[in-house]
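The values are calculated or read from the model by the stated rules, or taken from the named source; none is laboratory data. Please read all numbers here as calculations on a predicted model, not as lab measurements. When we count neighbours, we look across all protein chains shown, and the Cβ atoms used for this are built from the backbone with ideal geometry, even at glycine.
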């Protein structure tokens with residue numbers, strides 16, 4: 001693992017300066033920490049504050065950047081203005097990533113940074129990954145060290161532990177647009193509602209969860225939590241149902257299959 005760390009840092013040092021696409025999750029945080037070690041003040045973490053990024057996650061990203069010590073910039077990015085995004089086709093992530101990378105490249109050109117660093121790891125390049133296409137299309141403007149050096153998700157977490165990052169074991173948190181079935185229009189109100197629903201469940205102490213919004217006809221919340229927390233959910237059932245109905249859901253359901261990342265892709 002130390003050999004991979006050294007390889008990544010050497011590769012980053014050769015870039016001379018870089019912007020890191022920084023969500024504050026374990027992948028981008030680990031990459032930002034390595035970039036900061038390799039490049040110092042010539043590394044800049046940039047977080048896109050948008051409708052699909054919850055306020056809770058934005059605050060966490062700010063805190064993690066401070067922990068690393070890396071310069072940090074927050075920019076506004078409106079995915080809903082990107083052609084093809086709100087329609088929520090199976091290639092939705094391509095349109096989002098394309099627009100985000102365009103925004104970051106614009107900052108790099110204006111401020112004199114040589115490359116955009118992106119934290120996709122080697123475990124994420126299989127299966128349905130339309131965002132990967134946007135990275136490939138960006139060519140040499142975007143560098144993904146974890147895929148370049150074959151670093152898996154487990155290895156990213158191992159590196160994070162070795163360099164002492166507090167987010168080493170942070171659960172994966174996909175953007176809020178992943179809460180809607182393909183083909184269901186994504187709206188600002190819908191994003192706000194699922195974000196508020198998840199914030200409420202996190203406030204009750206649930207550790208890893210998704211609130212999937214199935215609202216083509218009736219407004220249905222399909223809640224995924226860890227099976228080990230089912231009992232807790234039933235104890236809090238009345239509070240959860242009441243709060244989510246106040247948010248505008250007509251029906252509140254618990255998915256007994258439990259939490260799993262990317263469950264909306266199961267129909268593909």
* Asked: Quick one: what pairs do we get from the stretch 255-268, first residue assigned by TED's automatic domain parsing to the domain that holds residue 223 and under 18 Å from residue 221 (Cβ atoms), second at pLDDT below 85 and surrounded by 14 or more Cβ atoms within 10 Å (Cβ to Cβ), C-beta under 7 Å, 6+ apart or different chains?
  -> none
* Asked: Based on what the data block shows, is residue 125 closer than 19 Å to residue 7 by Cβ and at pLDDT below 95?
  -> yes
* To do: Within the stretch 143-155, identify whether any single residue is free of Cβ contacts under 8 Å to residues at least 12 places away in the same chain and over 29 Å from residue 266 (Cα atoms), and answer yes or no.
  => no
* Asked: Is it the case that some residue within the stretch 70-86 is assigned to a loop (DSSP other than H, G, I, E, B), under 23 Å from residue 153 (Cα atoms) and touching a strand residue (DSSP E or B) at 6+ places or on another chain (Cβ under 9 Å)?
  -> yes
* Of the conditions (1) in a strand (DSSP E or B); (2) exposed (fewer than 15 other Cβ atoms within 10 Å of the Cβ), residue 169 clears all except one; give me its number. => (1)
* Filter the stretch 43-68 down to residues that are in a helix (DSSP H, G or I), in contact with a strand residue (DSSP E or B) (Cβ under 8 Å, 6 or more places away or on another chain) and free of Cβ contacts under 8 Å to residues at least 60 places away in the same chain and give me whichever is surrounded by the fewest Cβ atoms within 10 Å (Cβ to Cβ). => 66
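The rows are residues; the columns are (1) under 30 Å from residue 1 (Cα atoms); (2) modelled with pLDDT of 95 or more.
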{"site": "101", "(1), (2)": "yes, yes"}
{"site": "104", "(1), (2)": "yes, yes"}
{"site": "108", "(1), (2)": "no, yes"}
{"site": "144", "(1), (2)": "yes, yes"}
{"site": "155", "(1), (2)": "yes, yes"}
{"site": "159", "(1), (2)": "yes, yes"}
{"site": "168", "(1), (2)": "yes, yes"}
{"site": "173", "(1), (2)": "yes, no"}
* Consider residue 1 against the criteria (1) surrounded by 19 or more Cβ atoms within 10 Å (Cβ to Cβ); (2) in contact with a helix residue (DSSP H, G or I) (Cβ under 7 Å, 6 or more places away or on another chain): it satisfies all of them except one. Which criterion is unmet? -> (1)
* Asked: Out of (1) buried (at least 17 other Cβ atoms within 10 Å of the Cβ); (2) part of a helix (DSSP H, G or I); (3) modelled with pLDDT of 95 or more, what's the single condition that is false for residue 116?
  -> (2)
